[in-house]
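Laboratory data are not the source of any read-out in this text; all were calculated from the coordinates shown. Keep in mind the model is a prediction, meaning the values are calculated, not measured. Cβ coordinates were reconstructed from backbone atoms using ideal geometry, including for glycine residues, and neighbour counts include every protein chain displayed.
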């Protein structure tokens, strides 16, 4: 078998994303019939496909010599050792609280797609990051065509199971279990197309689908992508005119995203649908002493997996976090939360990637009201992009290989 990183990796990434179209088939079929399945009754058999694809990518990482050398460099191993040490401490603390092992294991889901970040880092260090991303974006267009057709059909004729779309039918869910997951993925696809040259039409399609989903997080995330696109198009001396009203634009976007007209839900107000009230009760009921604040009060108790397996409020301190930052605070404490934020800041400071600001701001915003590291394929796409950004901290450690493909001229121009 001949391994060719520049040709193989985009195909494997595309296959991983496409696994989402199969994993949720039973739930999609039920939603089309107007039946909202309970999470505990979801069929996990088809979902094994995405884990199988992830294992295939990890195997490829070990088989490809350049990736293997890049991932297992001394600095990367040191970083992983520090992370693993703290995670094992949190697992031990969760077991000390008499939680079954499956609970802290569920809290480790934020690391499930970390190998994609390592692959992205190694590819970026090799100087092939731009080329791989271009090839992947070309394949991603076929995925978008499928989602576009399904979303328009659902927005016109699907039962209003999750609310009413502004096209008159139900809020579209594509090939996902809910409009929120569909919208989050479309917003992330918009991010991918935004960092690849010549993809503005597909960027527009992604933003349209994110808005059509009625998801507030997807709406704000996609507007963030558009904001950065407009900012980059302006002359440097004119950019202040966009920066000055940015806070007011953010507030206006939040209000618009919360309106029933756009979201299609009567409970769209975040102060009325229980989320803000939940976050307030979390601190009042579960944070009792400095140990809880510093180390969390039970790794995995805020994971959606635990809610599916045991039901809501089965364990003391269990809750539906929604926000990634509450998930981290619950499972890894203030130390873990601060470590995550510091690493995001360091990634931005160290990187020389042209789109580092957009990628890292997108990741930060997406985590405010949505635990994106638990949801596939958004987590896979964002992990890979984070790795690409972090790996662009110096000149490539090896000259990139330039295969003869449709993207080769652009690739040569980038690295000539």
- Fewest to most neighbouring Cβ within 10 Å: what's the order for 358, 49, 212? 49, 358, 212
- Of the listed peptides 122-133, 103-114, what is their order by residue-averaged count of other C-beta atoms within 10 Å, with the highest listed first? 122-133, 103-114
- With each pseudo-label sitting 7 Å past Cα toward Cβ, what's the residue 51-residue 342 distance in nm, one decimal? 3.3 nm
- Task: Sort segment 107-170 into rounded, prolate or oblate with this rule: let a ≥ b ≥ c be the square roots of the eigenvalues of the Cα gyration tensor; rounded if a/c is under 1.5, and if a/c is not under 1.5, prolate when a/b is larger than b/c, oblate otherwise.
- Result: oblate
- Determine, for 189, 18, the number of other Cβ atoms within 10 Å of each Cβ, and report the residues in order from fewest to most. 18, 189
